[in-house]
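This report concerns only the one structure given below.
What follows draws every value from the coordinates through simple rules; no lab data is involved. Please read all numbers here as calculations on a predicted model, not as lab measurements. Cβ coordinates were reconstructed from backbone atoms using ideal geometry, including for glycine residues, and neighbour counts include every protein chain displayed.
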Amino acid sequence: MFDSGFGGLTVARAVMDLLPSEDVVYLGDTGRYPYGPRDLNEVRDFARQIARHLVESHDVKVVVVACNTAAAAALDVLVDECPVPVLGVIEPGARALTQTTVTGRVGVIGTVGTIGSGAYQAAVREAAGDAAVTLTCAACPGFVEFVERGETDSEQAHVLAERLLAPVSDAGVDALLLGCTHYPFLARTIGDVMGRDVVLVSSADETAFALKALLDDEGLAAPPGGSGKHRWVSTGDAAAFAALGRSLLGPELDVVEALEWDA
């Protein structure tokens, strides 16, 4: 699986907990983060390069795009091009959101690139089916950077959240999808701003369940009872990735391999 940096560790944690027998290779493209402000065509090129690397260098059996911006930009292309199944985080999250709401008023927050792509708007519309759902979206530039610096509980993050979450708060949503895999690390701050009556929905657990279903359906699941191996790769500072990543994911994140892209 891959992400622009640390956000996809929420998905990795959920997959490791649900599927302990599976080997996991996680690539954090910290040398080029954040993806959110970048042009989606550029993000698509990054995603294709990373997926190709995971297949050719690590012989993976499934690629999980554990980054909402990359999924919005490139999922369809990767599904067409990759020789292995590809799973994103957008559709599982949208399904969970529509199943959670009681009032039908829901919100999605994400990076500028993800919200601007319209991917969540389309996914929520499809997941809702005939149900009456009113969606309010808000881009939250700056959230990813707070997580990448390890400042998930700072006063500055709270002030920024109050400003950026105003549209979804004013819309009276009862369920809010954290449409970036970095955002669960800010869940306490987001929850404080939104209030206890709003359910925060993370796509991480739903993506893990979707991965389990895919592995079972395709006959790719590892035999039960085993202990999967975990590899961690960073395109930026491997030592810094290990230090912050371990605090976010847990002790399983130990040795981090450095990867430099060819020019």
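Overview of results
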{"item": "Cα shape, the range 1-114, gyration tensor, a/c 1.5 rule", "result": "oblate"}
{"item": "For the range 147-186: rounded, prolate or oblate by the Cα gyration tensor [a/c cutoff 1.5]", "result": "oblate"}
{"item": "FRET E, pair ASP170, ASP262, Förster distance 41 Å, beta-carbon r, rounded to 0.05", "result": "0.30"}
{"item": "Label-to-label distance, nm, for residues given as ALA240 and GLU81 (7 Å Cα→Cβ offset)", "result": "2.8 nm"}
{"item": "Residue-count net charge about THR152 - beta-carbon cut-off 13 Å; Lys, Arg +1, Asp, Glu -1", "result": "-4"}
{"item": "Rounded, prolate or oblate (a/c below 1.5 giving rounded, otherwise prolate when a/b exceeds b/c) for the range 149-256 by Cα gyration tensor", "result": "oblate"}
{"item": "Angstrom value of the Kirkwood radius, inverse mean 1/r, which spans all Cα pairs in the chain", "result": "18.4 Å"}
{"item": "Positive-end residue, the chain charge dipole about Cα centroid, Cβ charges, pick of PHE6, SER169, VAL60", "result": "SER169"}
